[in-house]
1. Extension gain Lys162-Ala40, at 0.36 nm per residue separation less the Cα-Cα distance, in nm?
2. Expected output is a single nm value to one decimal: the length gained when fully extending between Glu206 and Thr72, i.e. 0.36 nm times separation in residues minus the C-alpha distance. What is it?
3. Of the accessible area of the stretch 92-221, with the probe set at 1.4 angstrom, what percent is carbon plus sulfur?
4. With a probe of 1.4 Å, find how much accessible area the stretch 80-161 has per residue, and write the answer as a whole number in Å².
5. Roughly what would the spin-label model give for Arg221 and Thr187, points 7 Å off Cα along C-beta, in nm?
6. Under 1.5 on a/c is rounded, so check that first for the stretch 61-126, then, if it is not, pick prolate when a/b is larger than b/c and oblate when it is not; a ≥ b ≥ c are the square roots of the alpha carbon gyration tensor eigenvalues.
7. Hey, if we sort Met91, Met121 by accessible area with the 1.4 Å probe, largest down, what's the order?
8. With the cut-off at 1.5 for a/c, could you classify the stretch 54-188 from its C-alpha gyration tensor as rounded, prolate or oblate?
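The values are calculated or read from the model by the stated rules, or taken from the named source; none is laboratory data. Remember, it's a predicted structure, so these values are computed and weren't measured experimentally. Cβ placement follows ideal geometry from the backbone for every residue including glycine, while neighbour counts extend to all protein chains displayed. All accessible areas refer to the heavy atoms of the entire protein, side chains included, with ligands and DNA or RNA removed. Shrake-Rupley method; radii C 1.70, N 1.55, O 1.52, S 1.80 Å.
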Amino acid sequence: MNIINKYDKTIKTKTHLQVYCKYIMLLLAFFLVSLPSQGALTASDVAKKTAALINGTNGVSATFSITANGKTVKGSVKTSGKKFFVSVPQMSTWYNGSSLYTYNPRINETTVTIPTAQELMESNPLLYVNASSAYRYSFSPVKRNGKYVVDIIPSNQKQGIKKLTITVSSTTFHPEKISVTTGSGTTVITVTSFRTGVSGQASEFEYPKSRYPKAEIIDLR
């Protein structure tokens, strides 16, 4: 009789323990679901991470193609912080952090300006990837495996840009494609290679006047 009573008591104890464990697990599951996701990145976070790579002092070396109005040109860019050098067949551009030098080989002419933010973006296509309060960020409804696709809408569209869409690697945050939509159409910048940690000499971002001794210099500063 004692053995039977002891067995019944053991069964009841196990049953109570199982119910208790299930209760704790339900509470834990509810608690975890209720917590905000700490690892999820916002569209703004993605843009900031990519912009930080482009504007970093470690330097970037990249190649790209630009397609607009049915035509495609290829080019390269090297950056160090705010400084950059961009080369496309039609022109070469140097920005030393204050002055922008643009050399046109067709007419052998170099123009010097103090550029606006818009002019810098037009000179260096990577700078379209920006992160500031002047833009609204959202994930695009277009999905690509292993990529972040972010739509960027300027708060002030008087500058001419209606929308930017950037495609970024979800592992490296390297930019892969930048679509720029204006009132006149869409320009697509495809980044064909992108390397960080490429340190350059300060002279690489200065206009090499000795290389173009006969070029006419038009200083608009």
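1. Gain on stretching Lys162 to Ala40: 41.2 nm.
2. On the way: separation 134, 0.36 × 134 = 48.24 nm, distance 2.73 nm.
Computed gain between Glu206 and Thr72 is 45.5 nm.
3. 48
4. Numbers: 4250 Å² over 82 residues.
Averaged over the residues of the stretch 80-161, the accessible area is 52 Å².
5. For the pair Arg221/Thr187, the computed spacing is 2.5 nm.
6. Oblate is the answer for the stretch 61-126, as a/c is 1.5 or above yet b/c matches or exceeds a/b.
7. Met91, Met121
8. Working: a/c = 1.57, a/b = 1.48, b/c = 1.07.
Note, shape of the stretch 54-188 comes out prolate.
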